[in-house]
Amino acid sequence: MSNTEEFEVIELIKVLLRRKLFIFFCTSVFAVGAVFYSLSLPNTYKSSAVMASASGASNSGGSSPLGGLASFAGVGLGGEANEFEIGIEVLTSRAFTTSFIENNNLGPIVYAAKGWDADNNRVIYDDTLYDIEKMEWISDSAEQNHKIYKKFKKNFSSVFDKDSGLLNISYIHESPHIAKKILDLMINQINNKIREEKKEEALKSIDYINAELKTVKNMDIRALFISLLYDEYKVITKTNIKPEYFVKIIDSPYLPFERHSPKRAQICIYWTFIGLFLSVVLSYFIHFSKTFIKFLKD
């Protein structure tokens, strides 16, 4: 290293030493601010579950068990598409999510919750959004349903592994009990909705086939109708005995005891470093600005 380079390095160090109080003050402000900010953030908890396609969701005669639900969500099903993957898309659609929130009255819990009272196991609501005593919204606007949906989708995630055929779903909430409850409700509604839709379709098919059998005389056609009738009765049997009709739970939703976020230590370290970096940059900027102005005057 040449003498000139050594001088420049020493000069840069001197600049920092001359402004050490400024650097310390700025860094401290960022550090203290980060601490207060991190402490102001509510704890959130994440529950998750692992599921696989239940055998009752496969095509075994009759119409697809997803037919009714797909129509409900406004999705058309292709015969060659993977049924379970299509079902996942339907179940994460806006129509199904909105219906799920409304059917279980989850709007206030999803959108207006701001914390959790662990001692009393009670959700704390934002009183500027929801009046818990009157159990009504402070301002019920048309845009509110959209905000509730966006908040739900932000906290809900689903990941499908094509290789293993497993679906992992999770939900984040201020209350660990609510996080688990929402997943339990969603899994039940998934299975109940598809099972009831399939059962209703099978019953209609049975009524139609029985009506046709009364008029059809051709033995080959009657044999075909009887075979179809047998398939529909198999469907009815499955809907009656299989509570997990569409998805089979591999790992049930659990009650999370460990905090998911915020990562307070990381927040404090990150913003302290930002404060240090900015104060150093600003110190050099002020120093070289003064040097440049002095040079222009000379």
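Numbers at a glance
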{"quantity": "Hits in the stretch 245-273 - residues which are surrounded by fewer than 15 Cβ atoms within 10 Å (Cβ to Cβ) and either in contact with a Gly (Cβ under 7 Å, 6 or more places away or on another chain) or of a type outside the set (Phe, Trp, Tyr) (or both)", "calculated": "ILE250, ASP251, SER252, LEU255, GLU258, ARG259, SER261, LYS263, ALA265, GLN266, ILE269"}
{"quantity": "When residues of the stretch 98-156 are limited to those that are among the aliphatic types (A, V, I, L, M) and within 15 Å of the chain's Cα centre (by Cα), the one farthest from HIS260 (Cα to Cα)", "calculated": "ILE101"}
{"quantity": "Residue in the stretch 172-179 that is in a helix (DSSP H, G or I) and in contact with a Lys or Arg (Cβ under 7 Å, 6 or more places away or on another chain) present", "calculated": "yes"}
{"quantity": "Options GLU212, GLU196: the member that is closer than 30 Å to ASN155 by Cβ, acidic (Asp, Glu) and in a helix (DSSP H, G or I)", "calculated": "GLU196"}
{"quantity": "TYR230 being at pLDDT 90 or above, of a type in the set (Phe, Trp, Tyr), surrounded by fewer than 13 Cβ atoms within 10 Å (Cβ to Cβ) and assigned to a helix (DSSP H, G or I)", "calculated": "yes"}
{"quantity": "Contacts under 9 angstrom Cβ, first residue in the stretch 248-271 being under 20 Å from ASN188 (Cβ atoms), partner among the β-branched types (Val, Ile, Thr) and part of a helix (DSSP H, G or I), 6 or more apart", "calculated": "ILE249/ILE187; SER252/ILE187; PRO253/ILE182; PRO253/ILE187"}
{"quantity": "Residue among PRO176, PRO108 that is touching a residue at least 12 places away in the same chain (Cβ under 8 Å) and in contact with a Pro (Cβ under 6 Å, 6 or more places away or on another chain)", "calculated": "PRO176"}
{"quantity": "Residues of the stretch 7-46 that turn out to be in a loop (DSSP other than H, G, I, E, B) and within 17 Å of CYS268 (Cα to Cα), as a count", "calculated": "3"}
{"quantity": "Residue match in the stretch 124-137 (condition: among the aliphatic types (A, V, I, L, M), in a strand (DSSP E or B), in the same structural domain as PHE246 (by TED's automatic domain parsing) and surrounded by 16 or more Cβ atoms within 10 Å (Cβ to Cβ))", "calculated": "yes"}
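A quick yes/no check of all residues on (1) touching a residue at least 40 places away in the same chain (Cβ under 8 Å); (2) among the basic types (Lys, Arg):
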position	(1), (2)
GLY87	yes, no
ARG94	yes, yes
TYR125	no, no
THR128	no, no
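Let's see how each residue does on (1) modelled with pLDDT of 50 or more; (2) surrounded by 13 or more Cβ atoms within 10 Å (Cβ to Cβ); (3) closer than 17 Å to ILE169 by Cβ:
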residue	(1), (2), (3)
SER60	no, no, no
LEU77	no, yes, no
GLU83	yes, yes, no
GLU89	yes, yes, yes
SER93	yes, yes, yes
PHE100	yes, yes, yes
ASN103	yes, no, no
VAL110	yes, yes, yes
ASP117	yes, no, no
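The values are calculated or read from the model by the stated rules, or taken from the named source; none is laboratory data. Please read these numbers as outputs of a predicted model, since none were measured by experiment. Neighbour counts are summed over all protein chains in view; Cβ atoms, including those assigned to glycine, are modelled from backbone coordinates with ideal geometry.
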